[in-house]
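The values are calculated or read from the model by the stated rules, or taken from the named source; none is laboratory data. Bear in mind the structure is a predicted one, so any value in this text is a computation, not a measurement. As a convention, Cβ positions derive from the backbone with ideal geometry for all residues, glycine included, and neighbour counts pool all protein chains shown.
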Amino acid sequence: MPSTPDVKQILLDPPVVNYVAGTLVDMLQDRGYPKQAANRLSQDILRFATSYGLIENYERRTHDYLEDAGFFATRSHPIFHRERTILGYVEPYLSGRILDVGCGSGIIDFILAKQGHDVSMTDVFKHPSIKRPHPEFRPITIEGKIDHPDNTFDTAMALTVLHHSDDPMLTVQEMQRVMTAGGTGLFLESEYGISTENAVMPRRDLQLARFLALSPDQQRGGNAFFDHFYNRVLDYTEHTSEKINVPCNFFTPADLNHLLERNRLVPVHTIHLDFDRDTAPMYHVLHVARKA
């Protein structure tokens, strides 16, 4: 059974509740709901999130409620735009043979292949949208191993993936193993422990300011709520095998760099990116590392 956070426990902390409520309202208004309707929907979502028996019931009930409220009809699903944005962050660091670890739907890899890149994909299961003419796909083994030989890829990337892994250490070890000497590792993560000193903060960005006002533990709780909300509520499925794992193994920027160093990956750049505002409002950091 895929892992999930204890959403009710997260929402016992009043500052986190206020952050989640305000961010839900912003998200709903961005999708065209008037402020009064957005406030009502936000309060109902919080009520569902604090009163469930089984987490599955909260996921299904909230998804159905949003569907009835026209949430999924307000505009097209933002995932393609989101993947294009993520690709823009990592493109300057791509070279040679590329492996996408935790590829999901493969949108990024399909774009890269059309651009002429030699790209392969791997994940714990094959997304239904991965069909020809997508690049090669190999599933990660039940032991968590990448099904490729040592020293195969010049670039290995895990884009918002490590916090979905039950064993981030093993994931990084496997990526390092299949990278060539001097190869590049790209790790884009939703992180916490972000302060005003290191955040990328456009002027009058109230949503990000709300996040930065939280303590590190509260930021982690907010990340856990919205990671679950995006992957298990908005993208709800009744099929257990297709549920995204959400153990919420989030890092601070320093902690992730330390994990890379322990696996003989030398951090080269730690790049603070923008705050994802659409449906998974979390602060992103890109770590660029070289295999020693």
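Hey, ALA181 hits all of (1) in a loop (DSSP other than H, G, I, E, B); (2) over 20 Å from the mean Cα position of the chain (by Cα); (3) in contact (Cβ under 8 Å) with a residue 60 or more places away in the chain but one; which does it fall short on?
Checking ALA181 against (1) in a loop (DSSP other than H, G, I, E, B); (2) over 20 Å from the mean Cα position of the chain (by Cα); (3) in contact (Cβ under 8 Å) with a residue 60 or more places away in the chain, the one that fails is (1).
Between residues in segment 123-138 that are in contact (Cβ under 8 Å) with a residue 60 or more places away in the chain and residues that are in a loop (DSSP other than H, G, I, E, B), which pairs lie under 7 Å by C-beta distance while being six or more apart or on different chains?
Close Cβ pairs (under 7 Å, with a partner that is in a loop (DSSP other than H, G, I, E, B)) amount to VAL124/ILE140.
When you check LEU206 against the structure, is it more than 14 Å from the chain's Cα centre (by Cα), surrounded by fewer than 13 Cβ atoms within 10 Å (Cβ to Cβ) and among the hydrophobic types (A, V, I, L, M, F, W, C), yes or no?
Criteria met by LEU206.
Taking into account only those residues within segment 255-292 that are more than 19 Å from ARG177 (Cβ to Cβ), of a type in the set (A, V, I, L, M) and not in a loop (DSSP other than H, G, I, E, B), which is farthest from the chain's Cα centre (by Cα)?
VAL268
If we scan segment 217-237, do we find a residue that is under 25 Å from ARG82 (Cβ atoms), in a loop (DSSP other than H, G, I, E, B), in the same structural domain as ARG31 (by TED's automatic domain parsing) and touching a residue at least 60 places away in the same chain (Cβ under 8 Å)?
yes
Quick check on segment 262-270. Is at least one of its residues under 30 Å from LEU24 (Cα atoms), touching a strand residue (DSSP E or B) at 6+ places or on another chain (Cβ under 6 Å) and not aromatic (Phe, Trp, Tyr)?
Yes, segment 262-270 contains at least one residue that is under 30 Å from LEU24 (Cα atoms), touching a strand residue (DSSP E or B) at 6+ places or on another chain (Cβ under 6 Å) and not aromatic (Phe, Trp, Tyr).
Of the numbered conditions (1) within 19 Å of VAL288 (Cα to Cα); (2) surrounded by fewer than 17 Cβ atoms within 10 Å (Cβ to Cβ); (3) modelled with pLDDT of 95 or more, ASP167 fails exactly one; give the number of that condition.
(1)
If ARG132 satisfies all but one of (1) more than 28 Å from ASP166 (Cα to Cα); (2) part of a helix (DSSP H, G or I); (3) not assigned by TED's automatic domain parsing to the domain that holds ALA38, what's the number of the condition it fails?
(2)
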